[in-house]
């Protein structure tokens, strides 16, 4: 039903950060982020947000509120609001092009 995707942040030949999650419909469910260099996961997350917005995604489920994610504008929503997002957008098509690319 969904597909797992990763965003990798490289400094030359060294993987310095990234994240992965599951895309289902117009929703992205973030699973984990990591950083081996200052702000590397932020770069990956910001890049992902730009693409997801362009492709018509309406929600990124970050699972747990953190100060790190709040710095991007993340906010908590009620269980009912989350269920409404699932009902309305889980099976909606997107214009997502997940082909490998470098930014």
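Residue by residue through the stretch 56-96, note down the ones that are out of contact with any helix residue (DSSP H, G or I) (no Cβ under 6 Å at 6 or more places or on another chain), modelled with pLDDT of 95 or more and under 21 Å from residue 18 (Cα atoms). Those that are out of contact with any helix residue (DSSP H, G or I) (no Cβ under 6 Å at 6 or more places or on another chain), modelled with pLDDT of 95 or more and under 21 Å from residue 18 (Cα atoms): 57, 60, 61. Residue pairs whose Cβ atoms lie under 6 Å apart, separated by 6 or more positions or on different chains, with the first residue in the stretch 91-103 and surrounded by 10 or more Cβ atoms within 10 Å (Cβ to Cβ) and the second assigned to a loop (DSSP other than H, G, I, E, B), are 91/25; 92/25; 92/26; 94/26; 94/55; 94/56; 96/55. Would you point out the residue of the stretch 67-90, among those that are assigned to a loop (DSSP other than H, G, I, E, B) and out of contact with any strand residue (DSSP E or B) (no Cβ under 7 Å at 6 or more places or on another chain), that is surrounded by the most Cβ atoms within 10 Å (Cβ to Cβ)? Among residues in the stretch 67-90 that are assigned to a loop (DSSP other than H, G, I, E, B) and out of contact with any strand residue (DSSP E or B) (no Cβ under 7 Å at 6 or more places or on another chain), the one surrounded by the most Cβ atoms within 10 Å (Cβ to Cβ) is 74. Per the listing 84, 61, the residue uniquely farther than 23 Å from residue 102 by Cα and under 10 Å from the mean Cα position of the chain (by Cα) is 61. The set of residues in the stretch 40-66 being part of a helix (DSSP H, G or I), within 27 Å of residue 93 (Cβ to Cβ) and touching a strand residue (DSSP E or B) at 6+ places or on another chain (Cβ under 9 Å) consists of 44, 45, 47, 48, 49, 51, 52.
Exactly one residue among 23, 37 is assigned to a strand (DSSP E or B) and modelled with pLDDT of 95 or more, and that residue is 23.
The set of residues in the stretch 21-48 that are out of contact with any helix residue (DSSP H, G or I) (no Cβ under 9 Å at 6 or more places or on another chain), within 23 Å of residue 97 (Cβ to Cβ), free of Cβ contacts under 8 Å to residues at least 40 places away in the same chain and buried (at least 17 other Cβ atoms within 10 Å of the Cβ) comprises 43, 44.
The values are calculated or read from the model by the stated rules, or taken from the named source; none is laboratory data. Predicted, not measured: the structure shown is a model, and the values here were computed from it. Using ideal geometry, Cβ is built from the backbone for each residue, glycine included, and neighbour counts are taken over all protein chains shown.
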